[in-house]
Amino acid sequence: QVQLVESGGGLVQPGGSLRLSCTASGSIFTFNRMGWYRQAPGKERELVATITTGGTTNYADSVKGRFAISRVNARNTVYLQMNNLKPEDTAVYYCNFYATYESWGRGTQVTVSS
């Protein structure tokens, strides 16, 4: 129903920055929530940040003050600006779309290492 295309992952040194983007296409309900989750090796998938079409945001405590989520509704695109990255931020980051149904992107790898 909704397809999600992610971009922006990569390798960065501790303290560096990356920006992820995700664009949704397909049958998009006007009022929705988009966001990012991540999964590190051997761990469960966890919330990073979400944002509604109205601009309400929610962040995991571990990323507050370092990450910022934003969106352009006209483009059905959500962004995640990640600053002051730490090795523990290393994970596959998945875009998520939620309305009356839910969709996931394929994921993009973020590696924080010196």
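Details
- Its residue count N fixes a reference of 2.2 N^0.38 Å for the stretch 1-83, and the Cα radius of gyration divided by that reference is 1.11.
- Sequence-ordered 3J(HN,Hα) estimates for the stretch 35-52 from the Karplus curve with 6.51, -1.76 and 1.60 and θ = phi - 60° stand at x, 10, 10, 9, 9, 8, x, x, 10, 7, 5, 9, 5, 10, 6, 9, 8, 8 Hz, glycine and proline given as x.
- Sulfur and carbon atoms: percent of accessible area, the chain [1.4 Å]: 47 percent
- Working note: Karplus 6.51/-1.76/1.60 with θ = phi - 60° gives the stretch 102-114 the couplings 10, 9, 10, x, 7, x, 9, 7, 10, 10, 10, 7, 8 Hz, where Gly and Pro are set to x.
- For the stretch 17-34, 3J(HN,Hα) per residue [Karplus equation, 6.51 cos²θ - 1.76 cosθ + 1.60, θ = phi - 60°, Hz, x = Gly/Pro]: 10, 9, 10, 9, 9, 8, 10, 9, 9, x, 8, 9, 5, 4, 9, 8, 10, 10
- Residues whose amide H lies under 5 Å from that of THR90, counting only those 5 or more places away or on a different chain, are VAL112; hydrogens are built 1.01 Å from N in the peptide plane.
- Within the stretch 31-114: Cβ-based charge dipole about Cα centre, in debye rounded to nearest 20 (Lys, Arg +1; Asp, Glu -1): 180 debye
- The stretch 1-104: relative contact order as a whole-number percent, Cα under 8 Å and 6+ apart: 35 percent
- In the context of the full set of protein chains, the chain has a per residue accessible area of 53 Å² (1.4 Å probe).
- Sparse packing (at most 11 other Cβ atoms within 10 Å of the Cβ) combined with a DSSP loop state is found for the following trypsin sites (Lys or Arg not before Pro) in the stretch 62-114: LYS64, ARG106.
The values are calculated or read from the model by the stated rules, or taken from the named source; none is laboratory data. These numbers come from a predicted model, not from an experiment. All Cβ positions, even for glycine, are placed from backbone atoms using ideal geometry, and neighbour counts span all protein chains on display. To get the accessible areas, we keep the full protein, side chains included, count just its heavy atoms, and leave off ligands, DNA and RNA. Shrake-Rupley method; radii C 1.70, N 1.55, O 1.52, S 1.80 Å.
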